[in-house]
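What follows is calculated from the coordinates using simple rules that are stated; it is not laboratory data. From a predicted model like this one, the values you see are computed outputs, not experimental measurements. Please note: Cβ atoms are built from the backbone with ideal geometry, for glycine as well, and neighbour counts cover all protein chains shown.
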Amino acid sequence: MTAANDASMSVAQFEDHAARTDQLEFGEIGTSILGLVGEVGSLVSAVKKKRRDTDGFFGYRDAVVEELGDVLWYLSAVARRGGSSLVNLTRGLHHGPNFATFDNAVATQRTETLESALLGLAGGTGHLAKRKGAETKDTDVAALHNDLSYILGLLGEVARAAEVTLTEAAIRNVVKTEDRWPTQRVFPPLLDEGLHIDEQLPRQMRVLIYEREVNGTRFVFQKAGGFLLGDRLTDNHLPEDDFRFHDVFHLAYAAVLGWSPTTRALLKIKRKSQKALDENEDGARANLIEEGLTTWIFETAKQHRFFANTPKLGLDILKDVKRFVRGYEAEKLPMWLWESAILQGYAVFRQLQTARIGVVLTDLNRREIWFEDMTSEDRESCGMKD
């Protein structure tokens, strides 16, 4: 299913995709109800920000559509665990000849304001949470079905009042979940595929990274093929936090994403044969975007032991990453691949933090970056003794 190109989506199609991307524990309905309540809260918050900040809240419509899609996803998750389904819920709401799509099934003639519709939705989900919290025996399937049907009807009213559609929200959710949790992980084509090898990021690299004291100040150097790459680096920060090793993140972007304006600049492999790419994707502004993104992620990583105990990144940080590179070719790279690039990069960074010297190897064909100890020859080439 190519949701991004579909003008419509059936309830059954959405439900099938939601089930395939559901990573919650199946037997635990409480977690999915909490998720539903949380997403309704996020939807309410998006509208509140619009009312509070007026034109200061950019992307309001997109935020509402996204949050509506998230509510639909969790509604499906709750229904599935409670012995029902979105298809059954829409059948219960249907009053016409066609309940295949959300907007036909949940059509409404009510004229409530957006605020009153949201309050109704919040109240409906709150009632569900309260009733489930009070249950001391197995789920009452009929009562749960009625609660969820009521909530779905309220969700349709919110969509109408917000001047969006539930079908649009469902499509947006499928696109997002495929970007983050695809049913099959397939590497996207490399951004420089087909160009001359002189304008391609190296498919394999071997970079020596080491710390050395010069005139009382510790610097980090990096060398490839016997030549120094870029400038020697310090943290430029107090207290020191080892940001001096941050070029490893640029190497990770290059190795896993196939994108890194900074690495292209260091290696002098800009795509000069393509004027638009040279000026816009490999130019100074793109370089600043990458440096800013790297610094921002670093500040977040510091609060989490540089992701030492983080097997997966939260959706919010990955969405922010995609926003950071909006308008550049890196925007089309999937969130799951960004996660891999970031976590692999930080795994190597932590090893460099400990060793202070080592070899960073990359393989763009396998989308991997890893750390190895230096050999005696490597150390000699860096002017170091064993």
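Calculated FRET efficiency, Glu331 to Phe187, Cβ-Cβ distance, R0 = 25 Å: about 0.90 to the nearest 0.05. Amide hydrogen proximity for Thr101: with H placed 1.01 Å from N in the peptide plane, the residues at 5 or more positions away or on another chain lying under 5 Å are Val11. Residue separation of Gln274 and Lys48 scaled by 0.36 nm, minus their Cα-Cα distance, works out to 76.8 nm of gained length. Computed from backbone phi, the HN-Hα couplings of region 73-80 come to 4, 6, 4, 5, 5, 5, 4, 4 Hz, rounded to whole numbers (Karplus: 6.51 cos²θ - 1.76 cosθ + 1.60, θ = phi - 60°; Gly and Pro given as x).
Shown for region 245-386 is the translational diffusion coefficient from the Stokes-Einstein equation, using the Kirkwood radius over Cα pairs, a temperature of 20 °C and a viscosity of 1.002 mPa s: 134 µm²/s. For region 12-21, putting each phi into the Karplus relation 6.51 cos²θ - 1.76 cosθ + 1.60 with θ = phi - 60° gives couplings of 5, 4, 5, 5, 4, 5, 4, 5, 6, 9 Hz, in residue order, rounded to whole numbers and with x for Gly and Pro.
The C-alpha atoms of region 319-386 occupy a region whose extents along the principal axes are 47, 24, 18 Å, arranged from largest to smallest.
Take every Cα pair under 8 Å whose residues are at least 6 apart in sequence, average their separation, divide by the length of the chain, and the relative contact order is 16 percent.
Pairs over the 20 Å Cα-Cα cut-off, from the set Lys130/Lys319; Lys176/Lys312; Lys223/Lys332; Lys176/Lys322; Lys223/Lys268; Lys223/Lys385: Lys130/Lys319; Lys223/Lys332. In region 134-183, the inverse of the mean reciprocal separation of distinct Cα atoms equals 13.3 Å; this is its Kirkwood hydrodynamic radius.
Phi angles across region 315-332 convert, under the Karplus curve 6.51 cos²θ - 1.76 cosθ + 1.60 with θ = phi - 60°, into 3J(HN,Hα) values of 4, 4, 5, 6, 5, 5, 4, 5, 5, 4, 9, 4, x, 10, 4, 5, 4, 7 Hz, Gly and Pro given as x.
Principal axis extents of the C-alpha atoms in region 159-292 (largest first, rounded to whole Å): 68, 43, 30.
The GNM of the chain, with springs linking C-alpha atoms under 10 angstrom apart, assigns the highest mean-square fluctuation among Ser42, Ser116, Ser260 to Ser116.
Under the simplified labelling scheme, the Asp62-Phe219 pair shows an inter-label distance of 4.1 nm, with each label point 7 Å from Cα along Cα→Cβ. With helices as the sole contributors, the chain gives -16500 deg cm²/dmol at 222 nm; each DSSP H run of n ≥ 4 counts as -39500 (n - 2.57), and the sum is divided by every residue.
Once the Cα-Cα distance is subtracted from the 0.36 nm per residue extended length, the Leu119 to Ala19 segment shows a gain of 33.2 nm.
The three principal axes of the C-alpha atoms in the chain carry coordinate ranges of 79, 50, 39 Å, sorted with the longest axis first.
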